[in-house]
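Enquirer: One structure coming up, written as structure tokens, with questions to follow.
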Amino acid sequence: MDSATDLVARARDRYAVRDYHGSTLLLREAVVEGLAYADAHNLLGLCLALIGRPEEALVSFDAALALNPRYVEAHLNRAVLLNDMGRSDEARTAFEMAEQLGKADETGFPVMVANRLANAHASLAAEYRAAGALDEAIAQFERALELRPGYADVRLAMARALTERGRHAEASRELDEVLRERPEWLDAMLLRGLTAYLQGDLATADVVWTSAAERHPEEPRVEIYRSMLARRRTGGK
């Protein structure tokens, strides 16, 4: 199975040759994998708009902005779509938001430029991680977060790389920050429980995974982790 990074890269290639249907299918698969960044949702919104599915496109732009509220391009794309849908008041608000965000911020870059740089660092980090170069991946994730510390999806991705590198305590701190902002995010909860488990902190793993089970009772991965925890507590019996 392709990684989400590969799927998004292939989707960009299909978008470049105007195969919007093909790009849509690849991006939907990336979203299902749970690793799509805000720019993948934004690209999916563009594709859906171009194949005449504006309501679904709007959902994708909203998903991009939920992950990254300062994503200027997503605000602009959303504004254009709303205007085309005849929702002029909402479109005006979206345009105003994009214009406001387009001014230079604390990074010294215009917001759109800083967003692109952060996403570029995150994409490069994902490539390093896929190649097994975890230290380089972590460094690129850190650079992305220096530019955009509020990118929760990038922070989660960095926590995955830290976990794979065996830096469980650091991963736990990053995940705690993610969960302070998004306490019901299932992937962050599962990974936070795992980092605790890997550090031998079974009590914290139990608390996190029990909370995940209560918030997401339909999710089978939660019970897999809880069963693993129960086996460890009983000595593997």
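The values are calculated or read from the model by the stated rules, or taken from the named source; none is laboratory data. Owing to the predicted nature of the structure, the values given are computational and were not obtained by experimental measurement. Virtual Cβ from ideal backbone geometry, glycine too; neighbours counted across all protein chains shown. Side chains included, ligands, DNA and RNA excluded: accessible areas come from the protein's heavy atoms. Shrake-Rupley method; radii C 1.70, N 1.55, O 1.52, S 1.80 Å.
Enquirer: When you check Asp6 against the structure, is it among the acidic types (Asp, Glu), open to solvent by 30 Å² or more (accessible area, probe 1.4 Å) and free of Cβ contacts under 8 Å to residues at least 60 places away in the same chain, yes or no?
Expert: no
Enquirer: Then there is this: How many residues does region 51-66 contain that are more than 16 Å from Met97 (Cβ to Cβ) and of a type outside the set (Val, Ile, Thr)?
Expert: Residues that pass the stated criteria total 8.
Residues checked against (1) touching a Cys at 6+ places or on another chain (Cβ under 9 Å); (2) within 22 Å of Tyr71 (Cβ to Cβ); (3) of a type outside the set (Asp, Glu); (4) at pLDDT 95 or above:
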residue	(1), (2), (3), (4)
Leu81	no, yes, yes, no
Lys103	no, yes, yes, no
Ala133	no, no, yes, yes
Glu136	no, no, no, yes
Pro149	no, yes, yes, no
Leu156	no, yes, yes, yes
Arg160	no, yes, yes, yes
Glu164	no, no, no, yes
Asp176	no, no, no, yes
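Enquirer: Of everything in region 73-90, what is more than 20 Å from Ala40 (Cα to Cα) and surrounded by 15 or more Cβ atoms within 10 Å (Cβ to Cβ)? Give them in sequence order.
Expert: Those that are more than 20 Å from Ala40 (Cα to Cα) and surrounded by 15 or more Cβ atoms within 10 Å (Cβ to Cβ): Asn83, Met85, Arg87, Glu90.
Enquirer: What number of residues within region 23-40 satisfy the criterion of being open to solvent by 10 Å² or more (accessible area, probe 1.4 Å) and over 24 Å from Leu190 (Cα atoms)?
Expert: 2
Enquirer: Select from region 210-237 the residues that are among the β-branched types (Val, Ile, Thr) and in contact (Cβ under 8 Å) with a residue 24 or more places away in the chain and list them in ascending order.
Expert: Result: Val222, single match.
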